[in-house]
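To start, the structure itself, in structure tokens.
Read-outs: derived from the displayed coordinates by stated rules, not from any lab. Bear in mind the structure is a predicted one, so any value in this text is a computation, not a measurement. Quick reminder, even Gly has a Cβ in these numbers, built from the backbone with ideal geometry, and neighbours come from all protein chains shown.
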Amino acid sequence: MELLDIIKPENQVFCKTKLMTDTPLSYCPGCGHGTAHNITMEVIDEMGIQEDTIGVAPVGCSVLAYDFMNIDMTQAAHGRAPAVATAIARTWPKKYVFTYQGDGDLAAIGTAETIHACNRGENIVIIFINNGIYGMTGGQMAPTTLEGMKSSTSPFGRDIKTMGSPLKMTELVAQLPGTYFVTRQAVHTHKHVRKAKKAIRQAFENLKLNKGISFVEIVSNCNSGWKMTPNDANEWMVDNMFPYYPLGDIKVNGKLK
Amino acid sequence: MSELKLMKGNEALAEAAIRAGVDAYFGYPITPQTELIEYLMNEQTEKRTGMVCLQAESEIAAINMVYGAASTGKKVFTSSSSPGISLKQEGISYLAGAELPAVIVNVVRGGPGLGTIQPSQADYFQSVKGGGHGDYKLYVLAPSSVQEMSDFVEDAFDIAFKYRAPVLILSDGLIGQMMEKVKLKPQKKRRTDEEVIKECGSWATTGKTKNRERNIITSLDLQSEKMEARVHRLMKKYEQMEKEDLRFEKIQCDDAEYLIVAYGSSARISQKAVEMARAKGIKVGLLRPITLFPFPKKQLFKLADQVKGMLSVELNAGQMVEDVRLSVEFKVPVEHFGRTGGIIHTPEEILEALEQKIINNGTIRHHKTRESSIL
Amino acid sequence: MTEEIIIAGFGGQGVLSMGKILAYSGIMQDEEVSWMPSYGPEMRGGTANVTVILSDEKISSPYLKVFDTAIILNQQSMDKFEESVKPGGVLVYDPNGITHHPTRTDIEIFQIEGNKLAVKMGNKQIFNMVVMGAFLKIKPIVKLENVLAGLKKSLPERYHHLIPLNKEALKIGMDNVTPFKVANQVAHN
Ligand SMILES: Cc1ncc(C[n+]2csc(CCOP(=O)(O)OP(=O)(O)O)c2C)c(N)n1
Ligand code: SF4
């Protein structure tokens, strides 16, 4: 086979996501952020809504999402993305508005904004990357850090008595009448990537119905913060994160499962 | 017995707080000061001295935790860096209004907005001109070495309790991240609850006993006359601070013909520029304000009779320079030099700026300086 | 005596810790020291550098533009810091991964095969100590015994058994540092 045959579209199995820019990702090798970016952009590409999509970037490792996602984006202050997105969606009701946030951003400093945007039932998508730690600042404890898990601010393991229990933000927002679709996914295997992508597609489709928040949690890894190799981090995630943060839909079409 | 250690500025400050017998710390991670909370957590302060250390869910929560502990007379502090300090401004204004002793540490990075994580002194205005709302000031200490990061903790608490007012330690990424030798003070005992009640029982909410009136902590005065009286009370404190607790350092000023004014990390770098200038035969001195409020106004006013010009060196686009100009009342030209965006000026750049802006152009620029700076 | 040093390389090469050990060694012989790192989101695999100053006088600026010695461990750092060595100063580098060798003729340049020697010793982690040995051979600003005492102070107790290995690495570095002649390099090209 000639090279030209190999690169014919019908022979192509995989190619770079069209709506990702050529900027090299700044994420650590093996980090789930990159995959989550990819599938979000694939969905927007497949729906043909690049022109109508406005993203809101958080403060966290994915603060630079706007360098990688080839769409218009606004970068919000730490934790305030849902408020920023609220205003964009209210003033541009026909646009597809989404936030992309880490667990420190969404579930610690931004708790109020998250809960109230969900409670008001804003017509936005929230993509929530839960890696159980603050990646960007070098591995401090997050609200989602598991019991006994070590981080730089819980060097002896998270102690429930003084530091509280790992926060299940997704279950919490599912209780609010303003959320329409709430699901928890992962992106560490092909199978999971496909499922997560379907969930994100669903979330963006929901925006057409104007029914409120679609909230997609992605349980992810942070091999740097967890101080593990990418493979070990994924295994550790399956063994430890998934039992506490079980995958699957929590609320569909406004009804709790 | 004091102990000699090699530590980062952030770590030295944390260790000094434990040793000063501080009761509590509340904070939220942010570069370049995260080592502070990491150090405290690693030291297991609750086991070591009984000092509470809690990672809050945000800077807003942290400063209000500080407000809570301070209202009961406990020695409490928080730390953050610029974007986080902006979030704390509401709480700081409340602390000032309610007249509570507390220490806030800002390890400054470049702004505005999310900015950069590299060192900066761009929070000067925020620190000395209010920051939060209302008529108040902070007593502001600006350490320029790791040793001072350590020493200023106790000094800050002394001032906070002397005046029942919030005190700010204004550091930056350079002083916070660098390591130097530091002499640590011996461990002080934390005050017992009884001692806190004895010391602060006249105002703190420690529980009403039969032999005293209720204590109420608030910053609210719906009656304007009362509110004005509160503001006057605050202003009195600030006047007293200016009289009794102004701090500055004069380096090679005696025979100086030119003066650099700089604080914190800029003062360190400027000192090298002074050495280099003197090696070239240029008589340069350095005035380092150690407190940014109170500001060494009178000292600058006097020095203006001696030197031909002043250069305010700051890691920002020109903030303290305004106070220097106000202090010297335009007796001599005052110019600003500083890099921004997290870039640190080198001693060579400072010397060059001094030569270009002050020495070579000094007399010619005098009137220009006057006019443009008034505009 | 004042010695102003920049150590620069990749994050993870032990740049910062080499600086720290040097600073600790200075303390052991009663000198003033400062250690000023570049800092940032280090997990991005970027470059790291640290300015270390040892002096018998109080240190003014911990941040400098020019240095007595540059210890350079990757190409990016070579590109950035070759120019910042003072005339008459010293540049020590590990040629591993260096494609553009230094070209200055007004400074003294030395090579140390730190990577190769550390691999030969069976411990890549010890690389920075080999390089430090090379530096100390050229500029014996701290005594070996003070380096070892500094190591003891800066390493947690559980790593103290590694001190003899570190000592060996320092020695190997001292024995294997070689002067580098710029003219040779030009001729090769
Ligand atoms: C007001 C404010 N406080 C703190 C920070 C520092 N900060 C930056 S990112 C971050 C946490 C990021 O963690 P997470 O949201 O879990 O995202 P990840 O990096 O793990 O993807 C913090 C605390 C900041 N930039 N602004
Ligand atoms: S630090 Fe963690 S979250 Fe950030 S890019 Fe690296 S692996 Fe991902």
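Distance check, please: which entries in A:Lys227/C:Lys20; A:Lys227/C:Lys80; A:Lys150/B:Lys47; B:Lys250/B:Lys308 exceed 27 angstrom between their Cα atoms? Beyond 27 Å: A:Lys227/C:Lys80.
Each of C:Ile163, C:Leu73, C:Phe180 was placed along the dipole of the stretch C:73-185 (beta-carbon charges, centred on the mean Cα), and the one lying farthest toward the positive end is C:Ile163. Taking label points 7 Å from Cα along the Cα-to-Cβ direction, B:Glu348 and B:Phe125 give a separation of 3.2 nm. Within a straight-line Cα-Cα reach of under 17 Å, B:Lys75 can be paired with the following aspartates and glutamates, leaving aside sequence neighbours fewer than 8 residues apart in one chain: B:Glu15, B:Asp23, B:Glu46, B:Glu99, B:Asp151, B:Glu154, B:Asp155, B:Asp158, B:Asp193, B:Glu194, B:Glu195, B:Glu199. Using a ≥ b ≥ c from the Cα gyration tensor of the stretch C:2-188 (square roots of the eigenvalues), is it rounded, prolate or oblate, where a/c under 1.5 gives rounded and otherwise the larger of a/b and b/c decides, a/b for prolate? Rounded shape, in that the Cα axes give a/c under 1.5. Partner lysines whose Cα lies under 21 Å from the Cα of B:Lys236, excluding those fewer than 8 positions away in the same chain, are identified as B:Lys129, B:Lys137, B:Lys162, B:Lys226, B:Lys297, B:Lys298.
Mean residue ellipticity, 222 nm, helices only, chain A: the sum of -39500 (n - 2.57) across DSSP H runs of n ≥ 4, divided by residue count and rounded to 500, is -9000 deg cm²/dmol. A simple spin-label model places pseudo-atoms 7 Å from Cα toward Cβ; at B:Asn211 and A:Thr74 they are separated by 6.1 nm. Partners of A:Lys95 within straight-line reach, counting lysines whose Cα lies under 23 Å from its Cα and excluding those fewer than 8 residues away in the same chain: A:Lys18, A:Lys197, A:Lys198, A:Lys208, A:Lys211. Ordered by the count of other Cβ atoms within 10 Å of each Cβ, fewest first, B:Ser202, A:Ser152 give B:Ser202, A:Ser152.
For the pair the stretch A:1-80 and the stretch C:57-118, the centres of their Cα atoms are 40 angstrom apart.
Relative to the dominant Cα principal axis of chain B, helix B:59-71 is inclined by about 60°. Residues whose amide H falls under 5 Å from that of A:Gln140, counting only those 5 or more places apart or on a different chain, are A:Tyr134, A:Ser152, with hydrogens built in the peptide plane. About its Cα centre, the dipole of the stretch B:3-194 is roughly 360 debye, where the only charges are +1 on Lys and Arg Cβ and -1 on Asp and Glu Cβ. The magnitude of the dipole of the stretch B:249-374, with charges of +1 and -1 set on the Cβ of Lys/Arg and Asp/Glu and taken from the Cα centre, is near 160 debye.
Overall, chain B carries a charge dipole of about 660 debye about its Cα centre when +1 sits on the Cβ of Lys and Arg and -1 on the Cβ of Asp and Glu, all other atoms neutral.
Taking a ≥ b ≥ c as the square roots of the Cα gyration tensor eigenvalues, the protein assembly as shown comes out oblate, since a/c reaches at least 1.5 and a/b does not exceed b/c. Considering every residue in A:120-131, what mean count of other chain Cβ atoms within 10 Å of its Cβ is obtained? Shielding by partners across A:120-131 averages 0.
What helices in chain A pass both tests, a Cα length along the helix axis of 24 Å or more and a mean Kyte hydropathy of -0.5 or higher, using whole DSSP H runs? Membrane-span-like by this criterion, though nothing is claimed about a membrane: none. With neighbour counts taken as other beta-carbon atoms within 10 Å, the residues A:His192, B:His345 rank, fewest first, as A:His192, B:His345. With the charge dipole of the stretch B:249-374 set up from +1 on Lys and Arg Cβ and -1 on Asp and Glu Cβ about the Cα centre, the Cα lying farthest toward the positive end among the listed residues B:Gln306, B:Gly281, B:Thr291 is that of B:Gln306.
Rounded to the nearest 10 degrees, the inclination of helix B:224-244 to the longest alpha-carbon principal axis of chain B is 60 degrees.
Beyond 32 Å between alpha-carbons counts as too far, so tell me which of B:Lys185/B:Lys210; A:Lys161/B:Lys210; B:Lys183/C:Lys65 fall in that bin. Among B:Lys185/B:Lys210; A:Lys161/B:Lys210; B:Lys183/C:Lys65, the Cα-Cα distance tops 32 Å for B:Lys185/B:Lys210; A:Lys161/B:Lys210. Taking 7 Å steps out from each Cα toward its Cβ at A:Lys18 and C:Asn96 produces label points 4.6 nm apart. Set the Förster distance to 56 Å, then compute FRET efficiency between B:Trp203 and B:Gln356 from the Cβ-Cβ distance, nearest 0.05. Here the calculated transfer efficiency is 0.55.
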